[in-house]
1. Taking interchain pairs and intrachain pairs at least six residues apart, which have beta carbon atoms under 6 angstrom, with the first residue in region 318-331 and among the charged types (D, E, K, R) and the second surrounded by 10 or more Cβ atoms within 10 Å (Cβ to Cβ)?
2. Kindly establish whether V149 is hydrophobic (A, V, I, L, M, F, W, C), in a strand (DSSP E or B), touching a residue at least 60 places away in the same chain (Cβ under 8 Å) and surrounded by fewer than 20 Cβ atoms within 10 Å (Cβ to Cβ).
3. Among the residues that make up region 231-251, is at least one of them of a type in the set (K, R), part of a loop (DSSP other than H, G, I, E, B) and in contact (Cβ under 8 Å) with a residue 24 or more places away in the chain?
4. Hey, any hits in region 274-291 for a residue that's closer than 15 Å to S115 by Cβ, surrounded by 19 or more Cβ atoms within 10 Å (Cβ to Cβ) and of a type in the set (V, I, T)?
5. Could you please let me know if T304 is of a type in the set (S, T, Y), buried (at least 20 other Cβ atoms within 10 Å of the Cβ), assigned to a strand (DSSP E or B) and on the phi < 0 side of the Ramachandran plot?
6. Consider region 102-121. How many of its residues are over 16 Å from R186 (Cα atoms) and outside any helix (DSSP H, G or I)?
7. Considering only region 212-221, I want to know if a residue exists there that is free of Cβ contacts under 8 Å to residues at least 60 places away in the same chain and under 16 Å from L117 (Cα atoms).
8. Quick one: in region 202-218, of everything that is in contact with a Gly (Cβ under 9 Å, 6 or more places away or on another chain) and outside any loop (DSSP other than H, G, I, E, B), which residue is nearest to G77 (Cα to Cα)?
Amino acid sequence: MASSSPPTEASVSVPKLLDLTIDNITPNTILINSQSPDARLTYLMSRLVSHLHDFARETRLSTTEWMQAITFLIACGQISNSVRNEFILLSDVLGLSLLVDNIDHPKPPGGTEGSVLGPFHTHDAPVLPNGSSMTSDPEGEPMLAICTVKDLQGNPVKGVKIDIWETDSSGHYDVQHAERDEPSERCVMESDEEGRFWFVGLKPVSYPIPHDGPVGKLLQMLKRHCWRPAHVHFMFSKEGWDQLITALYLRGDPYETSDAVFGVKQSLIIDLEKVDKETAEKYGVKEGIWLLKRDFVLTTQEETEKLKDQLAVEALQKLGLKMKLIDHLPVPDLD
(Lines give C-alpha, C1' and ligand atoms only; values in the text may rest on other atoms or scores of the structure.)
Protein backbone atom coordinates (compact mmCIF):
# COMPACT_ATOMS: atom_id res chain seq x y z
CA MET A 1 0.00 0.00 0.00
CA ALA A 2 1.36 3.41 -0.96
CA SER A 3 2.18 5.75 1.91
CA SER A 4 -0.09 8.75 2.39
CA SER A 5 2.51 10.62 4.42
CA PRO A 6 3.46 14.10 3.23
CA PRO A 7 6.89 14.53 1.59
CA THR A 8 9.76 15.24 3.97
CA GLU A 9 12.41 17.91 3.60
CA ALA A 10 14.90 15.20 2.66
CA SER A 11 12.74 14.00 -0.25
CA VAL A 12 12.18 17.35 -1.94
CA SER A 13 14.37 20.26 -2.92
CA VAL A 14 13.68 23.01 -0.38
CA PRO A 15 15.02 26.52 -1.04
CA LYS A 16 16.36 28.40 1.95
CA LEU A 17 13.78 30.88 3.27
CA LEU A 18 15.27 33.41 5.69
CA ASP A 19 14.39 36.84 7.08
CA LEU A 20 11.01 37.13 5.34
CA THR A 21 9.64 40.66 5.02
CA ILE A 22 6.84 42.54 3.28
CA ASP A 23 9.18 43.12 0.36
CA ASN A 24 10.62 39.62 -0.10
CA ILE A 25 7.81 37.28 0.96
CA THR A 26 6.40 37.16 -2.58
CA PRO A 27 9.52 35.95 -4.47
CA ASN A 28 10.25 33.50 -1.66
CA THR A 29 6.73 32.04 -1.82
CA ILE A 30 6.95 31.76 -5.59
CA LEU A 31 10.36 30.11 -5.27
CA ILE A 32 9.20 27.38 -2.91
CA ASN A 33 6.09 26.80 -5.06
CA SER A 34 8.23 26.27 -8.16
CA GLN A 35 9.38 22.70 -7.52
CA SER A 36 6.58 20.97 -9.46
CA PRO A 37 7.35 19.41 -12.88
CA ASP A 38 3.94 20.73 -14.00
CA ALA A 39 4.83 24.01 -15.76
CA ARG A 40 1.22 25.18 -15.92
CA LEU A 41 0.65 24.61 -12.18
CA THR A 42 3.85 26.45 -11.36
CA TYR A 43 2.80 29.40 -13.54
CA LEU A 44 -0.73 29.54 -12.09
CA MET A 45 0.56 29.50 -8.51
CA SER A 46 3.19 32.12 -9.32
CA ARG A 47 0.63 34.56 -10.73
CA LEU A 48 -1.91 33.79 -8.00
CA VAL A 49 0.61 34.53 -5.24
CA SER A 50 1.82 37.67 -7.02
CA HIS A 51 -1.66 39.14 -7.40
CA LEU A 52 -2.79 38.14 -3.90
CA HIS A 53 0.28 39.64 -2.30
CA ASP A 54 0.06 42.80 -4.41
CA PHE A 55 -3.61 43.13 -3.40
CA ALA A 56 -2.67 42.90 0.28
CA ARG A 57 0.14 45.42 -0.08
CA GLU A 58 -1.87 47.85 -2.22
CA THR A 59 -4.89 47.84 0.11
CA ARG A 60 -2.82 47.55 3.31
CA LEU A 61 -5.08 44.63 4.19
CA SER A 62 -5.84 44.44 7.91
CA THR A 63 -5.93 41.27 9.99
CA THR A 64 -9.60 41.94 10.73
CA GLU A 65 -10.46 42.18 7.04
CA TRP A 66 -8.40 39.07 6.28
CA MET A 67 -10.31 37.09 8.91
CA GLN A 68 -13.64 38.43 7.63
CA ALA A 69 -12.74 37.18 4.15
CA ILE A 70 -11.81 33.74 5.48
CA THR A 71 -15.05 33.58 7.49
CA PHE A 72 -16.97 34.57 4.36
CA LEU A 73 -15.40 31.74 2.35
CA ILE A 74 -16.09 29.25 5.13
CA ALA A 75 -19.74 30.35 5.10
CA CYS A 76 -19.89 29.83 1.32
CA GLY A 77 -18.73 26.26 1.82
CA GLN A 78 -21.10 25.59 4.69
CA ILE A 79 -24.21 26.63 2.74
CA SER A 80 -23.20 24.74 -0.43
CA ASN A 81 -24.57 21.28 -1.22
CA SER A 82 -25.25 19.02 -4.19
CA VAL A 83 -27.93 21.36 -5.60
CA ARG A 84 -26.59 24.74 -4.48
CA ASN A 85 -23.04 25.92 -5.07
CA GLU A 86 -22.40 29.24 -3.35
CA PHE A 87 -18.90 29.41 -4.82
CA ILE A 88 -20.29 29.36 -8.38
CA LEU A 89 -22.70 32.08 -7.30
CA LEU A 90 -19.79 34.09 -5.91
CA SER A 91 -17.85 33.62 -9.14
CA ASP A 92 -20.95 34.73 -11.05
CA VAL A 93 -21.56 37.98 -9.14
CA LEU A 94 -17.86 38.89 -9.38
CA GLY A 95 -17.98 38.57 -13.16
CA LEU A 96 -15.38 35.80 -13.10
CA SER A 97 -17.62 33.09 -14.54
CA LEU A 98 -18.35 35.04 -17.70
CA LEU A 99 -14.72 36.12 -18.04
CA VAL A 100 -13.43 32.54 -17.87
CA ASP A 101 -16.04 31.33 -20.37
CA ASN A 102 -15.10 34.10 -22.81
CA ILE A 103 -11.40 33.23 -22.50
CA ASP A 104 -11.79 29.45 -22.69
CA HIS A 105 -14.58 29.30 -25.28
CA PRO A 106 -14.10 32.21 -27.71
CA LYS A 107 -16.59 32.36 -30.57
CA PRO A 108 -15.68 33.30 -34.14
CA PRO A 109 -18.08 35.54 -36.07
CA GLY A 110 -21.34 33.69 -36.60
CA GLY A 111 -20.97 31.37 -33.61
CA THR A 112 -23.50 31.55 -30.80
CA GLU A 113 -22.02 33.34 -27.81
CA GLY A 114 -21.81 31.71 -24.41
CA SER A 115 -23.27 32.79 -21.09
CA VAL A 116 -22.97 31.70 -17.46
CA LEU A 117 -23.82 28.17 -16.31
CA GLY A 118 -25.29 29.36 -13.03
CA PRO A 119 -25.58 27.27 -9.86
CA PHE A 120 -28.73 25.31 -10.74
CA HIS A 121 -27.77 22.92 -13.52
CA THR A 122 -28.32 19.31 -12.44
CA HIS A 123 -27.46 15.89 -13.84
CA ASP A 124 -30.83 14.27 -13.24
CA ALA A 125 -32.85 15.91 -16.01
CA PRO A 126 -34.99 13.40 -17.95
CA VAL A 127 -34.08 12.55 -21.54
CA LEU A 128 -37.14 13.49 -23.59
CA PRO A 129 -38.01 13.06 -27.28
CA ASN A 130 -38.55 16.10 -29.46
CA GLY A 131 -41.93 17.72 -28.94
CA SER A 132 -42.16 16.84 -25.26
CA SER A 133 -43.14 19.18 -22.45
CA MET A 134 -40.49 19.73 -19.80
CA THR A 135 -42.76 21.54 -17.37
CA SER A 136 -45.28 20.40 -14.76
CA ASP A 137 -46.21 23.93 -13.65
CA PRO A 138 -49.90 24.66 -14.39
CA GLU A 139 -49.53 28.34 -13.43
CA GLY A 140 -46.94 29.28 -16.05
CA GLU A 141 -47.56 30.60 -19.56
CA PRO A 142 -46.82 27.78 -22.04
CA MET A 143 -44.10 28.41 -24.62
CA LEU A 144 -43.20 26.35 -27.69
CA ALA A 145 -39.49 26.47 -28.54
CA ILE A 146 -38.44 25.54 -32.09
CA CYS A 147 -34.66 25.45 -32.50
CA THR A 148 -31.91 24.22 -34.79
CA VAL A 149 -28.23 23.42 -34.30
CA LYS A 150 -25.91 24.27 -37.20
CA ASP A 151 -22.21 24.72 -37.90
CA LEU A 152 -20.52 27.91 -39.11
CA GLN A 153 -21.23 26.95 -42.70
CA GLY A 154 -24.97 26.56 -42.05
CA ASN A 155 -24.99 22.75 -42.10
CA PRO A 156 -27.21 20.95 -39.56
CA VAL A 157 -25.44 19.17 -36.70
CA LYS A 158 -27.25 16.01 -35.67
CA GLY A 159 -26.81 14.02 -32.47
CA VAL A 160 -26.02 17.00 -30.26
CA LYS A 161 -26.95 16.53 -26.59
CA ILE A 162 -28.87 19.58 -25.38
CA ASP A 163 -29.45 20.28 -21.68
CA ILE A 164 -32.30 22.75 -21.17
CA TRP A 165 -33.43 24.26 -17.85
CA GLU A 166 -35.38 27.24 -16.53
CA THR A 167 -37.36 28.37 -13.47
CA ASP A 168 -41.04 27.73 -12.88
CA SER A 169 -43.61 30.54 -12.99
CA SER A 170 -42.73 31.60 -9.43
CA GLY A 171 -39.11 32.25 -10.39
CA HIS A 172 -37.70 29.18 -8.61
CA TYR A 173 -35.73 26.25 -9.98
CA ASP A 174 -37.08 22.85 -9.05
CA VAL A 175 -34.19 22.18 -6.66
CA GLN A 176 -35.17 25.24 -4.63
CA HIS A 177 -38.43 23.57 -3.58
CA ALA A 178 -38.09 21.49 -0.41
CA GLU A 179 -40.80 19.11 -1.61
CA ARG A 180 -39.06 18.36 -4.94
CA ASP A 181 -39.40 14.66 -5.73
CA GLU A 182 -38.52 14.74 -9.44
CA PRO A 183 -37.00 17.15 -11.99
CA SER A 184 -39.23 19.77 -13.59
CA GLU A 185 -38.62 22.65 -16.00
CA ARG A 186 -35.55 20.83 -17.26
CA CYS A 187 -34.77 18.09 -19.76
CA VAL A 188 -32.15 16.66 -22.11
CA MET A 189 -32.83 16.37 -25.84
CA GLU A 190 -30.92 15.44 -28.98
CA SER A 191 -30.86 17.23 -32.31
CA ASP A 192 -32.32 15.23 -35.20
CA GLU A 193 -30.99 14.59 -38.72
CA GLU A 194 -31.78 18.19 -39.68
CA GLY A 195 -30.26 19.62 -36.51
CA ARG A 196 -33.69 20.39 -35.07
CA PHE A 197 -35.07 20.11 -31.56
CA TRP A 198 -38.31 21.46 -30.12
CA PHE A 199 -40.08 21.35 -26.80
CA VAL A 200 -42.73 22.98 -24.66
CA GLY A 201 -41.61 24.97 -21.63
CA LEU A 202 -42.71 28.15 -19.93
CA LYS A 203 -42.33 31.78 -20.85
CA PRO A 204 -39.38 32.64 -18.59
CA VAL A 205 -39.73 35.13 -15.74
CA SER A 206 -37.31 37.37 -13.87
CA TYR A 207 -36.09 35.97 -10.57
CA PRO A 208 -33.70 36.73 -7.70
CA ILE A 209 -30.57 34.64 -7.28
CA PRO A 210 -30.34 33.01 -3.82
CA HIS A 211 -29.74 35.90 -1.42
CA ASP A 212 -30.12 34.18 1.95
CA GLY A 213 -26.43 33.30 2.15
CA PRO A 214 -23.06 35.06 2.26
CA VAL A 215 -23.19 36.11 -1.41
CA GLY A 216 -26.58 37.73 -0.86
CA LYS A 217 -25.21 39.62 2.14
CA LEU A 218 -22.26 40.78 0.03
CA LEU A 219 -24.63 42.17 -2.61
CA GLN A 220 -26.54 44.05 0.09
CA MET A 221 -23.33 45.59 1.38
CA LEU A 222 -22.43 46.62 -2.18
CA LYS A 223 -25.92 48.12 -2.72
CA ARG A 224 -26.51 45.73 -5.63
CA HIS A 225 -29.78 43.99 -6.48
CA CYS A 226 -29.99 40.20 -6.74
CA TRP A 227 -32.21 39.88 -9.82
CA ARG A 228 -31.69 38.08 -13.11
CA PRO A 229 -33.66 38.89 -16.27
CA ALA A 230 -36.01 36.25 -17.67
CA HIS A 231 -34.09 33.56 -19.56
CA VAL A 232 -33.79 29.91 -20.56
CA HIS A 233 -30.52 27.95 -20.18
CA PHE A 234 -29.05 25.70 -22.89
CA MET A 235 -25.93 23.51 -22.91
CA PHE A 236 -24.78 21.78 -26.13
CA SER A 237 -22.36 18.85 -26.12
CA LYS A 238 -21.03 16.54 -28.83
CA GLU A 239 -17.64 14.90 -29.29
CA GLY A 240 -15.44 16.95 -31.59
CA TRP A 241 -17.39 20.14 -30.92
CA ASP A 242 -16.68 22.91 -28.44
CA GLN A 243 -19.18 22.75 -25.59
CA LEU A 244 -21.57 25.69 -25.65
CA ILE A 245 -23.15 26.92 -22.42
CA THR A 246 -25.53 29.76 -23.16
CA ALA A 247 -28.94 31.28 -22.43
CA LEU A 248 -31.59 33.31 -24.23
CA TYR A 249 -32.91 36.47 -22.58
CA LEU A 250 -36.24 38.22 -23.18
CA ARG A 251 -35.99 41.69 -24.63
CA GLY A 252 -37.40 44.47 -22.48
CA ASP A 253 -36.92 42.73 -19.14
CA PRO A 254 -36.40 45.30 -16.36
CA TYR A 255 -33.08 43.64 -15.46
CA GLU A 256 -31.82 43.27 -19.03
CA THR A 257 -29.03 45.81 -18.47
CA SER A 258 -28.23 45.00 -14.84
CA ASP A 259 -28.12 41.20 -14.61
CA ALA A 260 -26.74 40.29 -11.16
CA VAL A 261 -24.40 37.70 -12.72
CA PHE A 262 -23.42 39.58 -15.93
CA GLY A 263 -24.84 36.91 -18.26
CA VAL A 264 -26.67 39.05 -20.83
CA LYS A 265 -25.17 39.71 -24.26
CA GLN A 266 -26.90 41.60 -27.06
CA SER A 267 -26.73 38.60 -29.40
CA LEU A 268 -28.61 36.48 -26.84
CA ILE A 269 -31.58 38.84 -26.39
CA ILE A 270 -34.70 37.58 -28.17
CA ASP A 271 -38.28 38.54 -28.93
CA LEU A 272 -41.02 35.97 -28.46
CA GLU A 273 -43.76 35.43 -31.02
CA LYS A 274 -47.18 33.79 -30.79
CA VAL A 275 -47.98 30.36 -32.28
CA ASP A 276 -50.21 30.65 -35.33
CA LYS A 277 -52.77 28.08 -36.44
CA GLU A 278 -50.48 26.30 -38.89
CA THR A 279 -47.65 25.98 -36.34
CA ALA A 280 -50.09 24.83 -33.66
CA GLU A 281 -51.36 22.02 -35.86
CA LYS A 282 -47.85 21.00 -36.93
CA TYR A 283 -46.43 20.79 -33.40
CA GLY A 284 -49.56 19.72 -31.54
CA VAL A 285 -49.89 22.75 -29.29
CA LYS A 286 -52.52 25.39 -28.66
CA GLU A 287 -52.75 28.31 -31.02
CA GLY A 288 -51.79 31.61 -29.40
CA ILE A 289 -49.25 30.34 -26.87
CA TRP A 290 -45.79 31.90 -26.78
CA LEU A 291 -43.24 30.91 -29.45
CA LEU A 292 -39.45 30.96 -29.17
CA LYS A 293 -37.47 30.42 -32.38
CA ARG A 294 -33.69 30.21 -32.47
CA ASP A 295 -30.87 28.89 -34.64
CA PHE A 296 -27.85 27.95 -32.52
CA VAL A 297 -24.43 27.84 -34.22
CA LEU A 298 -21.72 25.57 -32.80
CA THR A 299 -17.99 25.59 -33.52
CA THR A 300 -15.75 22.56 -33.73
CA GLN A 301 -13.09 21.86 -31.12
CA GLU A 302 -10.44 22.61 -33.73
CA GLU A 303 -12.00 25.95 -34.71
CA THR A 304 -12.26 27.06 -31.10
CA GLU A 305 -8.74 25.96 -30.14
CA LYS A 306 -7.26 27.79 -33.14
CA LEU A 307 -9.03 31.01 -32.16
CA LYS A 308 -8.19 30.51 -28.48
CA ASP A 309 -4.47 30.15 -29.32
CA GLN A 310 -4.55 33.23 -31.54
CA LEU A 311 -6.20 35.39 -28.89
CA ALA A 312 -3.87 34.09 -26.16
CA VAL A 313 -0.76 34.96 -28.16
CA GLU A 314 -2.10 38.45 -28.92
CA ALA A 315 -3.04 39.11 -25.29
CA LEU A 316 0.31 37.90 -23.93
CA GLN A 317 2.25 39.96 -26.47
CA LYS A 318 0.35 43.09 -25.38
CA LEU A 319 1.37 42.34 -21.80
CA GLY A 320 4.99 41.96 -22.89
CA LEU A 321 5.17 38.40 -21.60
CA LYS A 322 7.46 35.79 -23.16
CA MET A 323 5.23 32.72 -23.16
CA LYS A 324 4.60 29.53 -25.07
CA LEU A 325 1.46 27.44 -25.33
CA ILE A 326 1.21 23.88 -24.05
CA ASP A 327 -2.15 22.19 -24.65
CA HIS A 328 -3.49 25.63 -25.63
CA LEU A 329 -2.54 27.14 -22.24
CA PRO A 330 0.31 29.61 -21.66
CA VAL A 331 3.42 28.83 -19.60
CA PRO A 332 6.64 30.86 -19.34
CA ASP A 333 9.01 30.34 -22.29
CA LEU A 334 12.33 29.72 -20.58
CA ASP A 335 14.20 28.47 -23.65
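1. Close Cβ pairs (under 6 Å, with a partner that is surrounded by 10 or more Cβ atoms within 10 Å (Cβ to Cβ)) amount to K322/D333; K324/D333.
2. No: the conditions fail for V149.
3. Yes: one or more hits.
4. Looking for residues that are closer than 15 Å to S115 by Cβ, surrounded by 19 or more Cβ atoms within 10 Å (Cβ to Cβ) and of a type in the set (V, I, T), one finds none in region 274-291, hence no.
5. no
6. Count: 12.
7. No; the residues of region 212-221 include none that is free of Cβ contacts under 8 Å to residues at least 60 places away in the same chain and under 16 Å from L117 (Cα atoms).
8. So, considering only residues that are in contact with a Gly (Cβ under 9 Å, 6 or more places away or on another chain) and outside any loop (DSSP other than H, G, I, E, B), the one nearest to G77 (Cα to Cα) is P208.
The values are calculated or read from the model by the stated rules, or taken from the named source; none is laboratory data. In this text, all values refer to a predicted model and were calculated from it rather than measured experimentally. Backbone-built Cβ (ideal geometry, glycine too); neighbour counts: all protein chains shown.
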